[in-house]
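Before any comments, here is the structure.
Computed from the coordinates by the stated procedures, all read-outs in this text should not be read as laboratory data. These figures come from a predicted structure and were not determined experimentally. Please note: Cβ atoms are built from the backbone with ideal geometry, for glycine as well, and neighbour counts cover all protein chains shown.
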Amino acid sequence: MASAEEVAEQAERREIRGRWLLSAPALIIILLAATGPLLIVVIYSFLTPGPYGDVVWKFSTDGWLSVVMQRDIFDDTLAFADAHLSIFWRSAKLSFLTTIFTLLFGFPTAYFIATRPARQRDIWLFLITIPFWTNLLIRTFAIQEVIRNEGIVNTVLIKLGIISQPIQMMFTDFALMVGMTYVYLPLMVLPLYASMEKIDFRLVEAGYDLYANRFQVLRRVIIPLVKPGIVAGSILVFIPALGAYVTPRVLGGTKNMMLGNLIELQFGQGRNWPLGSALSISLMAIVMVALLFYVRSAGRQGGTHG
Amino acid sequence: MPEQPGRNAIEVRGVRKVFGIGESQVAALDTVSVSIRENEFFTLLGPSGCGKTTLLRLIAGFDFPSAGEILLHGQDIAPLPPFKRPVNTVFQNYALFPHMTVAENIGFGLEMLGKPKTEVKARVAEMLKLVKMEALSNRRTSQISGGQQQRVALARALAPQPKVLLLDEPLSALDFKLRKEMQIELKRLQHETGITFIFVTHDQEEALTMSDRIAVMSSGKILQIGTPWDIYDKPAERFVADFIGETNFLTAAISGMGNGKARATLKSGVTIDATVAEGFQPKDNATVVVRPEHAKLTSGKGDLSGTVENIVYFGTDTHIHVRLDSSEAFTVRQQNTRSAGCGFELGDRVGISIGNDAAQILRD
């Protein structure tokens, strides 16, 4: 006869086994879908580029070296090159600005929706999600139609006699910012709304009651309370913006390249898959480090609230 | 009675508040006027939806009146935003800032008024002591109990030394014992700070025990303003008598009006003397009210007679529900003694004698 303790121990072991079995599908998907391809990218970054794209199975660190160096075409010496780094920097800068702009436009939008009567809110949220139904490429071309030299804005301004020459907006950082802000705005509005909706608006009244004016209530009461939404929205906008491909390609042209375009170039015309892989992993590393710092500093300021 | 305007902390003059537009308009307050004196513990009492919270929100500045004036020490504050009114509120669910500590919550108002840091610190310490929360000053508001949150909310509202403190059913979330404690605490705080308190509640017992004066409200109107004693013993109309305490209502034929008194002939055929509420001219039939503690149960003949239907023991007293022969219900409250029961059994035939000066004739 097994003692009571043995029975209990067996039951516990069975339960642990059961838990592993139940979580196995999720673990397998994570392993296959996330870790697997990532591993392939890491391996490719240490191989030699093939003549028509693809890779030759020969170890080489050239892919990684090319991220920050350039091999002279005549004497094969390596020299520091900032061409790729400047694109990294540019992408980070533009993504940061995109985050700021979406926050500036998204905050009042989310606040407006959150303060509507409950039944109206669903309609407003529905309107916010409508752009998701249309292909990104088509929406981006629509923006092009608005801001190109023969587009709506320039035509109207010329017809009104305000300007005589069309304003060059296409293929500038302005066009890029318009496009990126437009594309990523819903990703900011939705998490902001989610945390604003949870605010007890009596806290806002308490703020007013305790002599805080509108600006002080915003700064001292509302913003600290929606901080989790600001953090989530910023992450949701900044990360995909960093790797944006379609918008910079269509609106920014070839001169105003972003990281996504640079990586695409290596796998396409550049025929340098190891470099493309190395760039991809660098991008990931930057995102992870940035995220770590951001979440940590946001967590410190926000305290235990959330 | 005429009052000097300077002596009134708050004067509400003909205030109306209408919510909604067009046909769906609802008048939450229907031309309300009331004067609240300085240093007074004034209570707005009424069932939910009677407009008491609306009136409080108008005084605080969260809503603006559709018509009328609200004066604070003689100055019209109705158009001012809440952050420009020297009035603070203790909210029903306290509305403490969850992202701040207890001390930060208490200091918030002073900080917003631009007081120097040292002054804020000293005042916060003083407030923490006043509400006996010194030990928990660095806790988050989510880490303290309901009673403690209540104290912090009070301290936060009192810290900027408002001219008037508004309290919106502040005790309703507390359990019975804590509520009793806080009632005494609130009276002490009002006494120590000398600030005018306007207290909103639907709990008539709370209103009676704490207030200097009470305004009883129903459907957007003030029905009666008076001391707890006035309200309980001289209710102006049936609603007030019904809402405050327990009351027996009897229908009677009225005769011989005069000198504030009338003769009321009850359905049992017995005629008793009754006081007539001020300004009321009863017609042939009217409602006579008798408080349960002002009637006495006898086993012999009384003014009314009936059968004992139910006996409810309350510890300090016993409520005996009697079905009168006229089929009306009547409750008698009888003080308990340690040695004996109430002396009646279910189904007993009993008489009820109504004490002198116990009956009142009220407007329906």
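Under 14 Å Cα to Cα from B:K52, which aspartates and glutamates show up? Leave out anything in the same chain fewer than 8 places away. Once the sequence-local aspartates and glutamates are set aside, what remains near B:K52 is B:D30, B:D63, B:D168, B:E169, B:D203. Using the alpha carbons alone, the radius of gyration of the range B:185-235 stands to its Kirkwood radius in an Rg to Rh ratio of 0.99. Assign one of three labels to the protein assembly as shown, namely rounded, prolate or oblate, based on the Cα gyration tensor with a ≥ b ≥ c the square roots of its eigenvalues; rounded applies when a/c is under 1.5, prolate when it is not and a/b is larger than b/c, and oblate otherwise. The shape class here is prolate.
Rounded to the nearest 20 debye, the dipole size of the range B:35-153 about its Cα centre is 400 debye, using +1 on the Cβ of Lys and Arg and -1 on the Cβ of Asp and Glu. Taking the number of Cβ atoms within 10 Å of each Cβ as an exposure proxy, the fewest-first ranking of A:D173, B:D303 is A:D173, B:D303. When its C-alpha radius of gyration is set against 2.2 N^0.38 Å (N residues), the range B:246-362 gives a value of 1.09. Per-residue 3J(HN,Hα) values for the range B:66-74, derived from phi via the Karplus relation 6.51 cos²θ - 1.76 cosθ + 1.60 with θ = phi - 60°, read 6, 7, x, 10, 10, 9, 10, 6, x Hz in sequence order (x marks Gly and Pro). The alpha carbon centroids of the range A:240-287 and the range B:43-97 are separated by 59 Å. For chain B, the longest principal axis of the C-alpha atoms and the axis of helix B:102-112 are separated by about 70°.
Here the peptides A:186-197, B:238-249 are ranked by packing, the mean other Cβ count within 10 Å, and the order with the highest first is A:186-197, B:238-249.
Peptides A:285-298, A:16-29, A:260-273 ranked from most to least packed give A:260-273, A:285-298, A:16-29, packing being the mean of other C-beta atoms within 10 angstrom over each peptide's residues.
Peptide A:197-208 is shielded by partner chain Cβ atoms: per residue, an average of 5 of them sit within 10 Å of its Cβ. Axis of helix B:176-193 versus longest Cα principal axis of chain B: the two differ by about 60°, to the nearest ten degrees. By a straight-distance test (C-alpha under 26 Å), which lysines pair with B:K301 as possible cross-link partners, with residues fewer than eight away in the same chain excluded? B:K301 reaches B:K261, B:K267. Out of every Cα-Cα pair in chain A, what percent are more than 25 Å apart? Taking all Cα-Cα pairs of chain A, the fraction more than 25 Å apart is 65 percent.
Rounded to the nearest Hz, the phi-derived 3J(HN,Hα) couplings of the range B:286-294 under the Karplus curve 6.51 cos²θ - 1.76 cosθ + 1.60 (θ = phi - 60°) are 8, 8, 10, 10, 9, 5, x, 7, 9, where x marks glycine and proline. Between A:W57 and A:I29, the contour length at 0.36 nm per residue exceeds the alpha carbon distance by 7.3 nm. This ranking places B:Y313, A:Y184, A:Y111, A:Y44 by how few other beta-carbon atoms lie within 10 Å of each, fewest first, which gives B:Y313, A:Y111, A:Y44, A:Y184.
Among the residues of B:101-114, the average count of other protein chain beta-carbon atoms within 10 Å of the residue beta-carbon is 3. Given A:L21, A:A33, A:Q10, which one lies farthest toward the positive end of the charge dipole of the range A:1-44, if we put +1 on the Cβ of every Lys and Arg and -1 on the Cβ of every Asp and Glu? Sorting the options by dipole projection puts first A:A33. Rounded to the nearest whole Hz, the Karplus-based 3J(HN,Hα) values (6.51 cos²θ - 1.76 cosθ + 1.60, θ = phi - 60°) of the range B:341-354 follow the sequence x, 7, x, 10, 10, 4, x, 4, 7, 9, x, 10, 9, 9, with x at glycine and proline. Each Lys and Arg Cβ is given +1 and each Asp and Glu Cβ -1; about its Cα centre, the range A:181-306 then shows a dipole of about 240 debye. Residues whose amide H falls under 5 Å from that of A:G50, counting only those 5 or more places apart or on a different chain, are A:V55, A:V56, A:W273, with hydrogens built in the peptide plane. All alpha carbon pair distances within the range A:1-44 were sorted into 5 Å bins beginning at 0; the resulting P(r) in whole percents reads 5, 20, 13, 12, 11, 10, 8, 8, 6, 4, 2, 1. Once the C-beta distance of B:T251 and B:D76 is scaled by a Förster radius of 51 Å, the resulting FRET efficiency is 0.60 to the nearest 0.05. Around the Cα centre of chain B, unit charges on the Cβ atoms of Lys, Arg, Asp and Glu (plus for the first two, minus for the last two) sum to a dipole of about 900 debye.
Listed by chain and number, the lysines placed with their C-alpha closer than 26 angstrom to that of B:K115 are B:K84, B:K129, B:K132, B:K163; residues fewer than eight positions away on the same chain are left out.
When each of the peptides B:151-164, B:83-96, A:81-94 is scored by how many other beta carbons lie within 10 Å of its residues on average, the order from highest to lowest is B:151-164, B:83-96, A:81-94.
The angle between the Cα long axis of helix B:146-158 and the longest principal axis of the Cα atoms of chain B comes to about 60 degrees, rounded to the nearest 10.
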